[in-house]
Amino acid sequence: MKILIVTQTFPPREGGMQSVMKSLAIKLSKNNQVIVIPDHKVRNFNSSNNVSVEIIAPKLPKIIRAVFKRYKIAKIINPKDIIICDSWKSIASIPKNISNMIVVMAHGQEYLNNNKTLRINEALSRATVLIANSAFTLGLVNQQLNLPKLEKYIIPPTYSLPVDIPIFNKKPNQKVRLLSLARIEARKGLSLVLEALVILKEKRQINNFHWDIAGEGPELNKIKMLSRHFSMESNITFHGWVDEKRKNRLFKKADLFIMPSYQDESSIEGFGIVYAEAASYAIPSIAGVNGGMSDAVKDKHSGWTVDPLKPQNLQNTLKDAINHPMELKRRGNLAKKEFIKYFGAEKVFKDFMKIIKLDK
């Protein structure tokens, strides 16, 4: 029996779903033959990850990649093989005359467009199992689907996050260390955070702080410009893209993770792996109220949730978090406990294997 991973999202491209599909390929390959059929070239995957995964990548224009994939899958598939798709769109690359188990991942915003309801139902009518990354995403799926036979489950997409990260005994710091790590775009809410911090600082309503911002994206230059305009350079360090080693150092120093995302037209946070990653370091988060973030960040428990489009609410939340370091530590420890219980890589992968009936 083989496992075929049919995906439009895979390394070396970066992103949440790329991380999910990479982690599944690695973990599944330990006990199964795994073939990944991506949309683009993949180099050095096996040597980089110390695994044995076959990659069949098309070197063709986008318009005919699905045809290439269908041809390749038809040649190699056996009746007991399992197919895993990164989204409903990838089902178009699977031959229509097969009856294999098809597992589809659902991650949120691909279900926001009601104009695609017919296409989504047609594609998923061929699927056996749908795995949503949050209760919010499953709700979006249920609004779109009329497929009573499709099995649906929720598994957090934290397949790459180990539980064995220790809680660090941080030295008392005169500054509260804030951290944001994301693709820097409007819906992440970081420019709104900056404006709120400027007001709180001018009014002397918050303790001294330093904000590390890691990542790149279309909103980065705007935030840098605002930082200069409001003379906040001494409070903010822009790190740009960071590798795993530098990211680990930033998490070790941080007291509070900040990314109060909101829905921006058809773009929304279906879950937010980075909140769970922060929790694995015993760091509480300030998240938004839209999307699936409430699965990862429990308001008044393991962090704070806020609507960043309401400036006074955002200011109050930032003030509450930054001015109470003992509360930061308390919620961080609770976040770590939540992470161990619900989000550790081995736990969620075990749930995944049970659903696809390979848990024996």
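Scanning the range 54-71 for residues that are surrounded by 12 or more Cβ atoms within 10 Å (Cβ to Cβ), of a type in the set (A, V, I, L, M, F, W, C), over 28 Å from the mean Cα position of the chain (by Cα) and in a helix (DSSP H, G or I) turns up Val67, Phe68.
Yes/no matrix, rows are residues, columns are (1) free of Cβ contacts under 8 Å to residues at least 60 places away in the same chain; (2) under 27 Å from the mean Cα position of the chain (by Cα):
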site: Asn78; (1), (2): no, no
site: Met101; (1), (2): no, yes
site: Met105; (1), (2): no, yes
site: Tyr111; (1), (2): yes, yes
site: Ile120; (1), (2): yes, yes
site: Ala127; (1), (2): yes, yes
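The residue list Lys201, Lys175 contains one member that is at pLDDT 95 or above, farther than 28 Å from Met17 by Cα and either in the same structural domain as Pro308 (by TED's automatic domain parsing) or of a type in the set (Lys, Arg) (or both), which is Lys201. The helices (runs of 4 or more DSSP H) found wholly in the range 177-286 and carrying at least 1 residues that are touching a helix residue (DSSP H, G or I) at 6+ places or on another chain (Cβ under 9 Å) and surrounded by fewer than 21 Cβ atoms within 10 Å (Cβ to Cβ) occupy 190-202, 220-229, 244-253.
Applying the condition of being in a loop (DSSP other than H, G, I, E, B) and of a type in the set (Asp, Glu) to the range 72-111 and asking which residue is surrounded by the fewest Cβ atoms within 10 Å (Cβ to Cβ) yields Asp81.
The values are calculated or read from the model by the stated rules, or taken from the named source; none is laboratory data. What you see is a predicted model; the values in this text were computed from it and never measured. All Cβ positions, glycine included, derive from the backbone under ideal geometry; neighbour counts span all protein chains shown.
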